[in-house]
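As structure tokens, the structure follows; a few thoughts come after it.
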Amino acid sequence: MASVVWIYKSYAQPTDEEAAALDVAADARVARLGRVRLSDGDPLAIEHAVVPAEFMPDLDHLQDSLYAALDAHGFRPVGGTQRVRASLATATEAGILSIEQHSEVLRIERRTRLANGRIVEFTRSVYRGDRYEFVTELNEG
């Protein structure tokens, strides 16, 4: 059974990097979200998301699904860009994910957009390399 453990849910000003990734002003308000994804109680991934606060006005009712919460407020992403790269787990990541330090992990950086082109989410995740496989279908076109 899939579930999450929230590490933090708070509002803050974005870092310079986050403001640039979200295309918001440096003094904008953002929701900063950190969680660990679990499967049958085993940690699988660490996710750190930043969302402009206007798209996430109520952190108290945020449950397991970020996209369900965005959708409930009328801000469901319709597309985006995701980058995946191989890396090694830091000591902190290894501890959270219950793996050995320097174990293989997948780092995923994602920016999603609304239908009007506005960026709604900037997320950085670390997935256990021993528990995930990504498959891409190629089509002639």
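Values as computed for the structure displayed
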item	result
Mean residue ellipticity (222 nm) of the chain, computed from DSSP H runs ≥ 4 via -39,500 (n - 2.57), nearest 500	-3500 deg cm²/dmol
Amide N of segment 114-131 lying under 16 Å from the label point, which is placed 7 angstrom from the Cα of Glu104 along Cα→Cβ	127-131
Estimated FRET transfer efficiency when R0 is 35 angstrom, pair Ala2-Glu54 (beta carbons, to 0.05)	0.75
Exposed-site-free run, longest, the chain (rule: chymotrypsin sites (Phe, Trp or Tyr not before Pro); DSSP loop; at most 15 other C-beta within 10 Å)	1-131
Rounded accessible area per residue of the chain, 1.4 Å, Å²	60 Å²
FRET efficiency for Arg29 and Tyr67, using Cβ-Cβ distance with R0 set to 22 Å, rounded to 0.05	0.60
Size of segment 40-81 as Cα extents on the principal axes (Å, biggest first)	32, 28, 15
When segment 64-141 is reduced to its Cα atoms, the Kirkwood hydrodynamic radius in Å	14.5 Å
Largest-first ellipsoid semi-axes for segment 1-136, taking √(5λ) over the Cα gyration tensor eigenvalues, angstrom	25, 16, 15
Whole-percent carbon and sulfur share, accessible surface of the chain, 1.4 Å	48 percent
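The values are calculated or read from the model by the stated rules, or taken from the named source; none is laboratory data. If you're wondering where the values come from, they're calculated on a predicted model, not measured in any experiment. Positions of Cβ are generated from backbone atoms using ideal geometry, with glycine treated the same way; all protein chains shown enter the neighbour counts. Areas reflect the complete protein model, heavy atoms only, side chains present, ligands, DNA and RNA absent. Shrake-Rupley method; radii C 1.70, N 1.55, O 1.52, S 1.80 Å.
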